[in-house]
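Take a look at the structure below.
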Amino acid sequence: MNILIINGPNLNLLGKREKKIYGDQSFDDYFSLLQSKYPKANLNYFQSNSESEIIDKIHEVGFDIDGIIINAGAFTHTSVAIRDAIAGVTSTVIEVHISNVHARESFRHKSYLSAVCKGVIAGFGLDSYRLAVEHYLSI
Ligand code: DQA
């Protein structure tokens, strides 16, 4: 099983950024734990603050890989282009969020991505990513 986690803008600051919302663990530290917990998942990780790089990565892997787990950060709420990239590939994509976006500002309630993803996991902290991995391993 090959799974790629794609993190969008500002998620490189996890552990430093708005800790009350996103926690104090860096994604690198969390990702190492996730890899050691799921050695059979062949987990890889890509982060970019650039919309075009995220789209290029979806195109690059999206016809071969078993699963993509995407936290597009703020692009979730703005990007028709990332939505179209997800719709255009054949790999299954799960949308994740660390925070419960529906309990936050109203501009975070709309996701352009959800309708073209298999499902959405939000509000479980970094554990949202693990829950998505569990789904891929269960199918
Ligand atoms: C986020 C929620 C988004 O609204 C926000 O812009 C982020 C992180 C989350 O994981 O909770 O950058 O996707």
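The values are calculated or read from the model by the stated rules, or taken from the named source; none is laboratory data. Quick caveat: nothing in here was measured; it's all calculated off a predicted structure. All Cβ positions, glycine included, derive from the backbone under ideal geometry; neighbour counts span all protein chains shown.
Looking at (1) modelled with pLDDT of 95 or more; (2) loosely packed, with under 14 Cβ neighbours inside 10 Å; (3) in a helix (DSSP H, G or I), find the lone condition where ILE82 falls short.
Of the numbered conditions (1) modelled with pLDDT of 95 or more; (2) loosely packed, with under 14 Cβ neighbours inside 10 Å; (3) in a helix (DSSP H, G or I), the odd one out for ILE82 is (2).
Yes or no: GLU18 among the acidic types (Asp, Glu) and closer than 28 Å to ALA103 by Cβ?
It is true that GLU18 is among the acidic types (Asp, Glu) and closer than 28 Å to ALA103 by Cβ.
With among the hydrophobic types (A, V, I, L, M, F, W, C), away from the ligand (no atom under 13 Å from the Cβ) and under 16 Å from ILE5 (Cα atoms) as the only criterion, which of ILE121, ILE139, ILE68 stands out?
Exactly one of ILE121, ILE139, ILE68 is among the hydrophobic types (A, V, I, L, M, F, W, C), away from the ligand (no atom under 13 Å from the Cβ) and under 16 Å from ILE5 (Cα atoms), namely ILE68.
Pick from segment 87-134 the residues that are hydrophobic (A, V, I, L, M, F, W, C) and in a loop (DSSP other than H, G, I, E, B): which of them is nearest to ILE58 (Cα to Cα)?
Per the stated criteria, the residue is VAL89.
Examine segment 101-109 for a residue that is touching a Lys or Arg at 6+ places or on another chain (Cβ under 7 Å) and not hydrophobic (A, V, I, L, M, F, W, C), and state whether such a residue exists.
No, segment 101-109 contains no residue that is touching a Lys or Arg at 6+ places or on another chain (Cβ under 7 Å) and not hydrophobic (A, V, I, L, M, F, W, C).
Suppose the filter is modelled with pLDDT of 95 or more, farther than 17 Å from ILE6 by Cβ, assigned to a loop (DSSP other than H, G, I, E, B) and of a type in the set (Lys, Arg); does LYS20 pass it?
no
Which pairs do you get when a residue that is charged (D, E, K, R), found in segment 96-125, comes within reach of a residue that is more than 8 Å from the ligand (Cβ to nearest atom) and not in a loop (DSSP other than H, G, I, E, B), reach meaning Cβ atoms under 6 angstrom, with the pair 6+ apart or on two chains?
Listed by first residue and then by second, the contacts come to LYS118/THR92; LYS118/ILE94.
Can you tell me which residue in segment 44-54 is farthest from the ligand (Cβ to nearest atom), limited to those that are in a helix (DSSP H, G or I) and either hydroxyl-bearing (Ser, Thr, Tyr) or surrounded by fewer than 21 Cβ atoms within 10 Å (Cβ to Cβ) (or both)?
SER52
Criterion first (under 28 Å from SER138 (Cα atoms), assigned to a loop (DSSP other than H, G, I, E, B) and not aliphatic (A, V, I, L, M)) does THR76 satisfy it?
Spelling it out, it is not the case that THR76 is under 28 Å from SER138 (Cα atoms), assigned to a loop (DSSP other than H, G, I, E, B) and not aliphatic (A, V, I, L, M).
Taking segment 1-12, which residues are within 11 Å of the ligand (Cβ to nearest atom) and surrounded by 15 or more Cβ atoms within 10 Å (Cβ to Cβ)?
Once the filter is applied, which keeps residues that are within 11 Å of the ligand (Cβ to nearest atom) and surrounded by 15 or more Cβ atoms within 10 Å (Cβ to Cβ), segment 1-12 yields ASN7, GLY8, PRO9, LEU11, ASN12.
Within segment 23-41, take every residue that is in a loop (DSSP other than H, G, I, E, B) and surrounded by 12 or more Cβ atoms within 10 Å (Cβ to Cβ) and give me the one that is farthest from the ligand (Cβ to nearest atom).
The residue in question is TYR38.
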